[in-house]
Amino acid sequence: MKNKITLIGAGQIGGTLAHLIALKELGDIILFDVASGIAKGKALDIAQSAPVNGFNVKLSGTDKYEDTKDSDVIIITAGVPRKPGMTRDDLLSINLKIIKEVAEGVKKTSPNAFVICITNPLDVIVMALQKYSNLPTNKVVGMAGILDSSRFIYFLSQELKIPVQKIKSLVLGGHGDSMVAMLDHTFIDGKKIHQCVDEGMISKNKLDEIVNRTKKGGAEIVKYLEKGSAFYAPAASGVEMAESYLKDLKKHLPCAAHINGQYGVKDIYAGVPVVIGKNGVEKIIELKLNKEEENNFKKSIKAVQELFDAAKKIDPTL
Ligand code: APR
């Protein structure tokens with residue numbers, strides 16, 4: 001039987017997700033949106049590219065949860081994207097209401113799905129999604145770390161003139177200005193980034209600049225686009241998580257997962273390296289952090305906690 005993949009939100013990211021998933025033939029695709037015309041129109045448009053691209057999956061659009069029943073994977077982008085000057089956190093109250101409605105719909109129709117959330121502010125929205133839906137924490141996860149790490153690796157590759165494939169790195173913590181580029185876990189062609197600094201391949205200032213640009217990577221794109229936020233790289237990152245689950249690839253991926261004891265943190269969602277396989281988030285990998293990484297990670301967790309407290313003020317049932 002083919003996998004059933006539902007995309008809740010058929011906007012910029014939702015449409016790109018559908019296209020990538022069709023090209024990879026990961027399963028049949030349902031595009032769900034309150035604006036059902038957008039969902040139906042995009043599904044039909046992508047389906048009409050099947051003869052050209054040679055993929056064999058079904059696509060349809062809907063605004064009824066019933067049509068998404070028993071999905072294997074659900075990727076959520078329903079919400080409002082950032083406008084110029086708006087932080088991810090400004091989105092909180094609008095997207096919290098939307099996610100409550102989505103959580104209820106998903107819980108009723110696909111209680112066994114692996115649910116990936118992309119809606120911002122990510123860590124708090126995915127935590128609210130898990131609480132509203134009451135689905136198991138290993139089946140509810142947020143997409144952020146893959147995107148942030150990918151941006152960081154891209155910027156490093158541009159600066160160092162080294163292919164992205166030769167750079168390994170991780171960006172962890174909250175998906176906001178407090179995110180933490182793990183420099184001790186950053187390798188350029190097998191060499192620690194600190195050693196590259198010592199050898200003059202990159203200056204400390206330039207590295208700091210790149211870390212900072214990564215933190216503001218989303219805002220940089222928002223500024224260019226004027227209407228809407230990034231969608232190609234976020235969609236690609238979401239697809240990597242879905243694929244690892246559906247094919248039981250057990251990839252190690254930085255994701256916003258439910259941390260409960262690891263890294264000295266309890267009951268919160270934030271970016272950590274995890275293993276994604278057929279059981280969802282199968283494991284949280286505990287990296288050894290140096291003092292600076294640990295301090296920055298703790299600060300980041302604190303920022304997520306503060307925003308979750310703000311969410312609780314908006315909705316005390318959380
Ligand atoms: N249920 C389903 N879909 C909804 C709902 C809802 N309750 N509310 C809004 N939507 C739909 C909108 O109709 C729109 O088509 O969500 C879609 C969002 O699409 P875009 O506005 O194009 O936003 P996008 O760029 O895809 O980003 C979505 O992901 O990265 C985050 O910050 C970003 O929170 C934003 C989300």
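The values are calculated or read from the model by the stated rules, or taken from the named source; none is laboratory data. No experiment lies behind these values; they were computed from the predicted model shown. Cβ coordinates were reconstructed from backbone atoms using ideal geometry, including for glycine residues, and neighbour counts include every protein chain displayed. With ligands, DNA and RNA removed, areas are computed over all heavy atoms of the protein, side chains included. Shrake-Rupley method; radii C 1.70, N 1.55, O 1.52, S 1.80 Å.
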Inset, instruction - Test Asp70 against the stated conditions and say whether it is touching a strand residue (DSSP E or B) at 6+ places or on another chain (Cβ under 6 Å) and either more than 16 Å from the ligand (Cβ to nearest atom) or not polar (S, T, N, Q) (or both). - result: no
Legend entry - Search result, residues across the range 289-308 that are of a type in the set (A, V, I, L, M, F, W, C) and either within 21 Å of Asn120 (Cα to Cα) or open to solvent by 50 Å² or more (accessible area, probe 1.4 Å) (or both): Phe297, Ile301, Ala303, Val304, Leu307, Phe308
Inset, instruction - Within the range 1-28, work out how many residues are within 15 Å of the ligand (Cβ to nearest atom) and not small (Gly, Ala, Ser). - result: 10
Inset, instruction - Scan the range 154-207 residue by residue and report those that are of a type in the set (Ser, Thr, Tyr) and without any contact (Cβ under 8 Å) to a residue 40 or more places away in the chain. - result: Tyr154, Ser157, Ser169, Thr186, Ser203
Legend entry - Single unsatisfied condition, Asp63 versus (1) surrounded by 14 or more Cβ atoms within 10 Å (Cβ to Cβ); (2) over 25 Å from Ala257 (Cα atoms); (3) more than 9 Å from the ligand (Cβ to nearest atom): (3)
Legend entry - Members of the range 27-44 that are open to solvent by 80 Å² or more (accessible area, probe 1.4 Å) and of a type in the set (A, V, I, L, M, F, W, C): Val34, Ile38, Leu44
Inset, instruction - Collect the residues in the range 248-263 that are of a type in the set (Gly, Ala, Ser) and in contact (Cβ under 8 Å) with a residue 24 or more places away in the chain, keeping them in residue-number order. - result: Ala256, Ala257
Inset, instruction - Grab the helices (runs of 4 or more DSSP H) fully contained in the range 109-213, keeping just those with 2 or more residues being more than 14 Å from the ligand (Cβ to nearest atom), crowded, with 20+ Cβ neighbours inside 10 Å and under 16 Å from the mean Cα position of the chain (by Cα). - result: 122-133, 145-160
Inset, instruction - Can you tell me which residue among Lys24, Lys83 is surrounded by fewer than 16 Cβ atoms within 10 Å (Cβ to Cβ) and modelled with pLDDT under 95? - result: Lys83
Legend entry - Pairs where the first residue, in the range 73-100, is closer than 12 Å to Val124 by Cα and the second is within 8 Å of the ligand (Cβ to nearest atom) and of a type in the set (Ser, Thr, Tyr), C-beta under 6 Å, 6+ apart: Asn95/Thr119
Legend entry - Subset of the range 218-244 (residues that are assigned to a helix (DSSP H, G or I), more than 14 Å from the chain's Cα centre (by Cα) and in contact (Cβ under 8 Å) with a residue 40 or more places away in the chain): Ala219, Val222, Lys223
Inset, instruction - Go through the residues of the range 45-57 one by one and say whether even a single one is buried (at least 16 other Cβ atoms within 10 Å of the Cβ) and within 11 Å of the ligand (Cβ to nearest atom). - result: no
Inset, instruction - Working only within the range 27-36, note down all residues that are in contact with a strand residue (DSSP E or B) (Cβ under 6 Å, 6 or more places away or on another chain) and not acidic (Asp, Glu). - result: Gly27, Ile29, Ile30, Leu31, Phe32
Legend entry - Unique match (being closer than 25 Å to Asp90 by Cβ and not polar (S, T, N, Q)) among Lys298, Lys250, Lys278: Lys298
Inset, instruction - Evaluate the following for Lys64: is it in contact (Cβ under 8 Å) with a residue 40 or more places away in the chain and not acidic (Asp, Glu)? - result: no
